[in-house]
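The values are calculated or read from the model by the stated rules, or taken from the named source; none is laboratory data. Computed from a predicted model, the values in this text were never measured in an experiment. Here the Cβ is made from the backbone with ideal geometry for all residues, glycine too, and neighbour counts use every protein chain on show.
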Amino acid sequence: MLQRQEIRQQVRHLRRALTDEQQAQAAEQLAELALNYAPLTAAQNIALFLSVDGELNTRPLIARLWHLKKTVCLPVLHPFSPGNLLFLRYSPDTPLQTNKLRIPEPPLDIRQLITLDQLDLMMVPLVAFDHAGQRLGMGGGFYDRTLQNWRQHGFLPVGLAHDCQQVDSLPVAEWDVPLPAVMTPSKLWQWE
Ligand SMILES: Nc1ncnc2c1ncn2[C@@H]1O[C@H](COP(=O)(O)OP(=O)(O)OP(=O)(O)O)[C@@H](O)[C@H]1O
Ligand SMILES: [Mg+2]
């Protein structure tokens, strides 16, 4: 477990050290790659996340998905099921509020709820990924729970990261769910 924390610390430091210009270029390149990715162009309901802590900025991609009339959803901390996420529709006029993890999220309006079964594709945040598609997150287990039965739900999880977030090999816990794909500004990685 110590090793997991060390990797988190190192990689979070690396991505926070990217300059504004590097961040802007990465976000542009990623949006370009994403919009040429067949599963994304085919998708209508797409879960994304708002970037914090040096994560690749998803804003340029979100703006283009709105322009294409796609439904963009964001994760919201579940109000009474600890460690779980709900996904709510996010539109240009949706107000955002900061949750207890200091991440902006849409207000909990059940009319905007999109179930996992309704999602077509989920862009998944991560701290590090390895050459086998294993994923290390911030340590809450939120996405491990969300991704548990992704095949049955019928959506495709795609990790989103800077190139510097790739590591050779991650220690894997029994509850960790590997990703079938990870997109970085320079490359699409696929494992199945
Ligand atoms: N499916 C699950 N059911 C119950 N607990 C889980 C599940 N998945 C993960 N957890 C718990 O969540 C905790 C954190 O898991 P882990 O360190 O893998 O988080 P992470 O993958 O880095 O975070 P995240 O998924 O939020 O990005 C673990 O202690 C684990 O017990
Ligand atoms: Mg995990």
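Some values worked out for this structure:
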quantity: Top-ranked residue in region 58-96 [being in a loop (DSSP other than H, G, I, E, B) and hydrophobic (A, V, I, L, M, F, W, C); ranked as modelled with the lowest pLDDT]; calculated: 80
quantity: Filtered residue count, region 2-23, keeping only those that are within 25 Å of residue 150 (Cβ to Cβ) and either without any contact (Cβ under 8 Å) to a residue 40 or more places away in the chain or of a type in the set (Gly, Ala, Ser) (or both); calculated: 0
quantity: Of the criteria (1) under 26 Å from residue 150 (Cα atoms); (2) buried (at least 19 other Cβ atoms within 10 Å of the Cβ), which one residue 26 fails; calculated: (1)
quantity: Residue 70, sole failed condition from (1) more than 30 Å from residue 13 (Cβ to Cβ); (2) loosely packed, with under 12 Cβ neighbours inside 10 Å; calculated: (2)
quantity: In region 30-48, the residues that are assigned to a helix (DSSP H, G or I), in contact (Cβ under 8 Å) with a residue 60 or more places away in the chain and crowded, with 18+ Cβ neighbours inside 10 Å; calculated: 30, 34, 40
quantity: Matching residues, region 95-144, being more than 16 Å from ligand 2 (Cβ to nearest atom) and among the acidic types (Asp, Glu); calculated: 105, 109, 117, 120
quantity: Residue within region 178-190 that is touching a helix residue (DSSP H, G or I) at 6+ places or on another chain (Cβ under 8 Å), under 23 Å from residue 16 (Cα atoms) and within 16 Å of ligand 2 (Cβ to nearest atom) present; calculated: no
quantity: Among the candidates 11, 52, residue that is closer than 21 Å to residue 140 by Cβ and surrounded by fewer than 16 Cβ atoms within 10 Å (Cβ to Cβ); calculated: 52
quantity: Residues located in region 66-83, provided they are touching a Lys or Arg at 6+ places or on another chain (Cβ under 7 Å) and either within 16 Å of ligand 2 (Cβ to nearest atom) or without any contact (Cβ under 8 Å) to a residue 24 or more places away in the chain (or both); calculated: 83
quantity: Matching strands (runs of 3 or more DSSP E) fully within region 99-192 where at least 1 residues are surrounded by 12 or more Cβ atoms within 10 Å (Cβ to Cβ), touching a residue at least 60 places away in the same chain (Cβ under 8 Å) and within 16 Å of ligand 1 (Cβ to nearest atom); calculated: 121-124, 156-160
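One line per residue, one yes/no per condition, for (1) acidic (Asp, Glu); (2) modelled with pLDDT under 95; (3) closer than 22 Å to residue 112 by Cα; (4) in a loop (DSSP other than H, G, I, E, B):
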{"site": "9", "(1), (2), (3), (4)": "no, no, no, no"}
{"site": "15", "(1), (2), (3), (4)": "no, no, no, no"}
{"site": "50", "(1), (2), (3), (4)": "no, no, yes, yes"}
{"site": "53", "(1), (2), (3), (4)": "yes, no, no, yes"}
{"site": "56", "(1), (2), (3), (4)": "no, no, no, yes"}
